[in-house]
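Undergrad: Structure provided below as structure tokens; questions to follow.
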Amino acid sequence: MLKKTLLFFLFPAILLICLVTLFPLGYGLVLGLMRKMPVFGISEFTGLSNFLFLLKDPRFQQSLWTTLKFTLISVPLELSLGMLIALLMKEKIPGNMLLKLTIMIPWAIPTVVSARMWEWIYNPEYGVLNYLLKYSGIISESVNWLGNPHWALSAIIIADVWKTTPFAALLIYAGLQTIPAELYDSAKIDGAGSFRRFFYITLPLVFPIVLIVGIFRTMDALRIFDLVYVLTGGGPANITETMSVYAYKLLFQTMQFGYGSAVSIAMFVIVALLSSAYIYLLHKKFQLLA
Amino acid sequence: MKIRKKIEVFAFRLIFVILLLGLSLQQSCDNYSGQKRKVQKDSTIVFKHFKLANAREQFQKAIAEFEKENPGVHVREEILPSNTNVQHQFYVTSLESGSADFDVFLIDVIWTPEFSLAGWLEDLSDLLPEEERKQFFPAPLKADMYKGKLFAVPWYIDAGVLYYRKDLLTKYGFSAPQTFEQVVRQAQTILKGEKRADLNGFLWQGKQYEGMICTVNEIISGFGGHILDDSNRVRLEDIEVINALKWLKSCIYDWRISPRWVLSADEENTRLSFLNGKTIFLRNWPYCWSFFQREDSPVKGKVGVTRIPSLPGKTGRSTLGGWQLAVNRFSSKKELAKKFVKFMSSSKMQLRFALTVGTKPTRRPLYQNVELRTAQPFIVSLLPVLENTNPRPVTPFYPQISQILQIEFSAVLSDIRPIKKALRSARLQIEHVLKLEKEISAISDDK
């Protein structure tokens with residue numbers, strides 16, 4: 001009886017998930033098995049050939065590599081900076097309130113807007129970054145941050161870290177609040193210094209939260225699109241083209257629905273694998289705690 | 001407990017209100033589209049075009065005149081953003097679903113083959129009799145033909161030009177450069193003499209996007225090469241193409257007349273740099289001219305224009321640009337739509353837009369018009385450039401080809417891939433795409 005009622009109440013939610021998640025996913029998979037270019041009236045079933053081509057498509061490999069590089073550098077940076085800022089927010093220092101108020105601004109600005117802003121900061125002729133670096137004598141000639149193959153990805157990573165560190169900081173700060181003050185008091189009495197207190201009390205207790213923030217950020221980073229699209233469009237020489245940007249170009253600029261869907265499905269699989277690894281970790285961690 | 005209950009009641013009410021709101025919104029949307037359908041039934045045609053600078057008033061005037069000539073007919077304008085990629089995406093998605101929401105629309109010269117093959121454009125062959133076609137510049141007209149039929153009417157034409165600083169060139173005793181070698185030598189001499197750290201020698205569009213293809217296409221033609229030849233064979237590995245890319249690269253890395261930031265430069269930021277007096281030579285489209293000649297322009301009266309440089313003995317052919325009027329094949333009012341295309345592309349309208357907005361007419365006799373000669377001498381002076389333009393590859397698969405070229409050219413110019421390797425890879429990818437084209441046009445011929 002109870003089970004029936006449960007099902008009844010769950011039905012709308014299940015229906016919604018089917019409609020907005022499972023159906024598009026399944027349809028994407030079907031499209032991925034076809035060669036479909038609606039513009040030219042091509043629509044034929046080609047089996048796994050899209051996925052086989054994907055395995056040896058150098059452009060896909062490069063975009064995968066770029067995405068991984070982006071994720072592996074930006075997420076740890078965001079988490080550690082977020083941790084630092086969260087610790088700062090917890091300390092009762094002057095200006096603390098102001099810090100809490102202003103820290104969220106980057107996160108509150110729509111990404112496209114902040115990307116445009118960074119575009120101007122990086123501008124080789126008028127940008128403030130080149131101006132400051134030249135003024136302080138660090139560089140003598142303007143650097144074209146977004147047009148230089150050695151700098152473009154780093155420039156995007158910096159813009160992303162700027163934007164999403166507040167998100168990490170806020171969640172970690174919330175996690176810090178849950179640690180009872182008595183733990184610190186007794187550790188102090190036992191003569192533990194601030195480093196010991198951080199590594200033996202704060203870090204282990206806040207770790208599950210950090211892990212959750214990590215999941216969120218990793219998934220976001222793996223499907224990074226807007227910043228890249230606005231700042232470089234994938235250039236120079238395609239070295240900043242991420243998987244989402246590649247899929248977008250296939251789907252909406254050259255209208256290859258079949259192959260574009262195959263790329264999206266591959267992206268989905270990669271993100272799913274990584275997030276299940278995270279969830280496994282999280283699960284283990286909580287069991288250890290319990 | 002009581003409070004909780006209150007909150008629950010409140011939440012339910014809120015959901016109820018939201019649902020109601022949603023329903024009524026839905027209803028009013030239905031009403032709106034119902035109205036739209038009704039209006040569409042009578043003689044209203046929708047003209048979709050992008051936001052052309054300074055043209056707002058002229059479009060309205062032209063429409064008012066058309067409505068006066070055809071009593072009972074209404075034309076509604078719908079304006080798209082000027083970003084071409086956004087427009088392309090809009091047209092492809094709505095035409096793909098057979099949308100009849102617009103009747104007449106403006107398309108970029110590189111889209112006509114793609115849209116014609118897809119069967120989205122109405123055949124306009126009978127709109128322009130053979131005799132009248134002779135008036136038009138041949139290049140855009142050819143780009144608007146597909147399998148012997150005319151699918152769009154060229155409305156205005158564009159072509160790349162080289163702007164130069166007349167005052168600086170005169171100061172060092174130079175005249176406008178004709179060859180690649182002159183551009184390099186003049187830029188180097190002036191840069192050396194002026195000793196200004198913020199002065200750029202030669203600016204062009206080198207970001208990974210369509211504009212870069214336009215620049216490279218011109219330089220290749222100045223060296224006498226082609227991306228595709230007349231029988232659609234890929235000619236990227238010819239020595240002319242290799243030399244063209246070598247020359248552009250040397251501008252950045254050897255002679256240092258182009259700053260490194262050309263690798264992320266588009267039309268607008270190069271125009272701004274030139275406008276602010278920081279550039280000697282600039283490759284750009286003719287639209288920049290009016291900006292350079294404004295009252296508050298720092299370079300007013302100091303700018304000269306010449307054709308794209310080339311090797312001695314060769315003529316550089318500028319990349320063909322421009323916009324075409326086309327009729328949506330799914331439109332229910334094709335006859336009216338055709339009438340409007342005929343009206344807008346008439347000599348009279350083209351002349352009026354040339355005089356007021358500065359668009360370059362596609363009908364050649366207009367360049368002899370006295371009124372245009374006195375009011376817009378700059379446009380008239382472009383005639384030799386416009387007579388001899390170089391289209392980007394004319395094929396329905398141009399968007400794919402452009403993407404391949406953008407990546408490979410960008411890799412060459414940023415110095416991370418050797419020229420020959422990049423060109424070979426581009427050739428193989430493009431040949432793959434063209435093979436598909438053959439298959440498809442064979443299928444569509446069968447139909």
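The values are calculated or read from the model by the stated rules, or taken from the named source; none is laboratory data. These figures come from a predicted structure and were not determined experimentally. Counting neighbours? That spans all protein chains shown, and the Cβs are built from the backbone with ideal geometry, glycine included.
Undergrad: Being touching a residue at least 24 places away in the same chain (Cβ under 8 Å) and surrounded by fewer than 14 Cβ atoms within 10 Å (Cβ to Cβ) narrows it down to one of A:Thr165, A:Thr232, A:Thr178, so name that one.
TA: Values: A:Thr165 fails: surrounded by fewer than 14 Cβ atoms within 10 Å (Cβ to Cβ); A:Thr232 fails: surrounded by fewer than 14 Cβ atoms within 10 Å (Cβ to Cβ).
The match here is A:Thr178.
Undergrad: Inspect the range B:285-299 for any residue being within 14 Å of chain A (Cβ to nearest Cβ), touching a helix residue (DSSP H, G or I) at 6+ places or on another chain (Cβ under 9 Å) and aliphatic (A, V, I, L, M) and give the result as yes or no.
TA: The first filter runs over the range B:285-299 and keeps only residues within 14 Å of chain A (Cβ to nearest Cβ), leaving none.
No, the conditions are met nowhere in the range B:285-299.
Undergrad: Restricted to the range B:233-260, and to residues that are under 26 Å from B:Leu169 (Cβ atoms) and under 23 Å from the mean Cα position of the chain (by Cα), which residue is nearest to the other protein chains (Cβ to nearest Cβ)? Reasoning before the result, please.
TA: Our first condition is that a residue be under 26 Å from B:Leu169 (Cβ atoms); within the range B:233-260, this holds for B:243-244, B:246-260.
Then keep just the ones that are under 23 Å from the mean Cα position of the chain (by Cα); that gives B:244, B:248.
Working: B:Ala244: 18, B:Leu248: 14 Å.
Within the range B:233-260, the match that is nearest to the other protein chains (Cβ to nearest Cβ) is B:Leu248.
Undergrad: Could you tell me whether any residue of the range A:50-63 is in contact (Cβ under 8 Å) with a residue 24 or more places away in the chain, more than 14 Å from chain B (Cβ to nearest Cβ), assigned to a helix (DSSP H, G or I) and within 24 Å of the chain's Cα centre (by Cα)?
TA: Yes - at least one qualifying residue is present in the range A:50-63.
Undergrad: Among the residues of the range B:409-421 satisfying the criterion of being without any contact (Cβ under 8 Å) to a residue 24 or more places away in the chain and within 21 Å of A:Trp151 (Cβ to Cβ), which is farthest from the other protein chains (Cβ to nearest Cβ)?
TA: Quick first cut of the range B:409-421, residues without any contact (Cβ under 8 Å) to a residue 24 or more places away in the chain only: B:411, B:416-418, B:421.
From what's left, within 21 Å of A:Trp151 (Cβ to Cβ): B:411, B:416-417.
Numbers: B:Ala411: 4, B:Ile416: 5, B:Arg417: 7 Å.
Out of the qualifying residues, it is B:Arg417.
Undergrad: Provide a single number: the residues in the range A:15-37 that are over 27 Å from the mean Cα position of the chain (by Cα) and aliphatic (A, V, I, L, M).
TA: Taking the range A:15-37 first, the residues over 27 Å from the mean Cα position of the chain (by Cα) are A:15, A:30, A:33-37.
Pick out the ones that are also aliphatic (A, V, I, L, M) and you get A:15, A:30, A:33-34, A:37.
So the count comes out to 5.
Okay, residues lined up against (1) in a loop (DSSP other than H, G, I, E, B); (2) within 14 Å of chain B (Cβ to nearest Cβ):
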residue	(1), (2)
A:Ile239	yes, yes
A:Ala247	no, yes
A:Ile265	no, no
A:Val269	no, no
A:Tyr280	no, no
A:Lys285	no, no
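Undergrad: Which one of these is of a type outside the set (Phe, Trp, Tyr), loosely packed, with under 14 Cβ neighbours inside 10 Å and under 22 Å from B:Asn276 (Cα atoms): A:Val128, A:Val143? Please lay out each step first, then the result.
TA: On the way: A:Val143 fails: loosely packed, with under 14 Cβ neighbours inside 10 Å.
Exactly one residue qualifies, and that residue is A:Val128.
Table: residues versus (1) assigned by TED's automatic domain parsing to the domain that holds B:Ser381; (2) among the aromatic types (Phe, Trp, Tyr); (3) buried (at least 17 other Cβ atoms within 10 Å of the Cβ); (4) in contact (Cβ under 8 Å) with a residue 12 or more places away in the chain.
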| residue | (1), (2), (3), (4) |
| --- | --- |
| B:Pro154 | yes, no, yes, yes |
| B:Ala187 | no, no, yes, yes |
| B:Tyr209 | no, yes, yes, yes |
| B:Ile213 | no, no, yes, yes |
| B:Ile220 | no, no, yes, yes |
| B:Asp229 | no, no, no, no |
| B:Asp238 | no, no, yes, yes |
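Undergrad: When only residues in the range A:118-128 that are assigned to a helix (DSSP H, G or I) and without any contact (Cβ under 8 Å) to a residue 40 or more places away in the chain count, which is nearest to A:Phe207 (Cα to Cα)? Quick ask: steps written out before the conclusion?
TA: Narrowing the range A:118-128 to residues assigned to a helix (DSSP H, G or I): A:118-122, A:128.
Add one more test, that the residue is without any contact (Cβ under 8 Å) to a residue 40 or more places away in the chain, and what stays is A:120-121, A:128.
Values: A:Trp120: 37, A:Ile121: 35, A:Val128: 38 Å.
The selected residue is A:Ile121.
Undergrad: If you scan the range A:150-162, which residues turn out to be of a type in the set (Gly, Ala, Ser) and surrounded by fewer than 19 Cβ atoms within 10 Å (Cβ to Cβ)? Before you say what the answer is, go through the steps one by one.
TA: Narrowing the range A:150-162 to residues of a type in the set (Gly, Ala, Ser): A:152, A:154-155, A:159.
Scanning the range A:150-162 gives a single hit, A:Ser154.
Undergrad: Another question, if that's okay. Mind telling me which of the residues B:Asp144, B:Asp167 ends up being surrounded by fewer than 14 Cβ atoms within 10 Å (Cβ to Cβ) and not basic (Lys, Arg)?
TA: Values: B:Asp144 fails: surrounded by fewer than 14 Cβ atoms within 10 Å (Cβ to Cβ).
That would be B:Asp167, the only listed residue that is surrounded by fewer than 14 Cβ atoms within 10 Å (Cβ to Cβ) and not basic (Lys, Arg).
Residue by residue, here is whether (1) touching a residue at least 12 places away in the same chain (Cβ under 8 Å); (2) surrounded by fewer than 15 Cβ atoms within 10 Å (Cβ to Cβ) holds:
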position	(1), (2)
A:Leu25	yes, yes
A:Phe45	yes, yes
A:Thr71	yes, no
A:Pro94	no, yes
A:Ala108	no, yes
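Undergrad: Let me spell it out: the conditions are (1) buried (at least 24 other Cβ atoms within 10 Å of the Cβ); (2) more than 24 Å from B:Phe59 (Cβ to Cβ); (3) touching an Asp or Glu at 6+ places or on another chain (Cβ under 7 Å), and B:Ala337 meets all of them except one. Which number is the exception?
TA: Here B:Ala337 clears every test but (2).
Undergrad: To continue, here is another question. In the list A:Ala155, A:Ala168, A:Ala115, A:Ala174, which residue meets the criterion of being within 13 Å of chain B (Cβ to nearest Cβ) and part of a helix (DSSP H, G or I)? It would help to see each step written out before you state the result.
TA: Numbers: A:Ala168 fails: within 13 Å of chain B (Cβ to nearest Cβ); A:Ala115 fails: within 13 Å of chain B (Cβ to nearest Cβ); A:Ala174 fails: within 13 Å of chain B (Cβ to nearest Cβ).
Only one candidate qualifies: A:Ala155.
Undergrad: Output yes when any residue across the range A:215-223 is in a loop (DSSP other than H, G, I, E, B) and under 20 Å from the mean Cα position of the chain (by Cα), and no when none is.
TA: Here is the first cut: in the range A:215-223, the ones in a loop (DSSP other than H, G, I, E, B) are A:223.
Now narrow it down to the ones that are under 20 Å from the mean Cα position of the chain (by Cα): A:223.
Taking every residue of the range A:215-223 in turn, at least one turns out to be in a loop (DSSP other than H, G, I, E, B) and under 20 Å from the mean Cα position of the chain (by Cα).
Undergrad: Something else about it: Tell me which residues, restricted to the range A:135-152, are assigned to a helix (DSSP H, G or I) and either of a type in the set (Asp, Glu) or more than 17 Å from B:Arg260 (Cβ to Cβ) (or both). It would help to see each step written out before you state the result.
TA: To start, the set of residues in the range A:135-152 that are assigned to a helix (DSSP H, G or I) comprises A:135, A:152.
The answer is A:Tyr135, and nothing else.
Undergrad: Scanning for something more than 13 Å from chain A (Cβ to nearest Cβ) and within 27 Å of A:Val143 (Cα to Cα), does the range B:220-232 turn up at least one residue?
TA: Just the residues of the range B:220-232 that are more than 13 Å from chain A (Cβ to nearest Cβ), to begin with: B:220-232.
Imposing the further condition that a residue be within 27 Å of A:Val143 (Cα to Cα) reduces the set to none.
Checking the range B:220-232: not a single residue is more than 13 Å from chain A (Cβ to nearest Cβ) and within 27 Å of A:Val143 (Cα to Cα).
Undergrad: Another one. If you check B:Ala118 against the conditions, is it of a type outside the set (D, E, K, R), under 29 Å from B:Leu325 (Cβ atoms), surrounded by 24 or more Cβ atoms within 10 Å (Cβ to Cβ) and in the same structural domain as B:His88 (by TED's automatic domain parsing)? Break it down stepwise before answering.
TA: On the way: of a type outside the set (D, E, K, R): yes; under 29 Å from B:Leu325 (Cβ atoms): yes; surrounded by 24 or more Cβ atoms within 10 Å (Cβ to Cβ): no; in the same structural domain as B:His88 (by TED's automatic domain parsing): yes.
Criteria not met by B:Ala118.
Undergrad: Select the helices (runs of 4 or more DSSP H) contained entirely in the range B:32-147, then report the ones holding at least 2 residues which are within 24 Å of the chain's Cα centre (by Cα) and either at pLDDT 90 or above or within 14 Å of another protein chain (Cβ to nearest Cβ) (or both). Break it down into steps so the answer makes sense when it comes.
TA: Details: elements: B:56-69, B:84-96, B:112-117, B:130-133, B:138-143.
The helices (runs of 4 or more DSSP H) meeting that bar are B:56-69, B:84-96, B:112-117, B:138-143.
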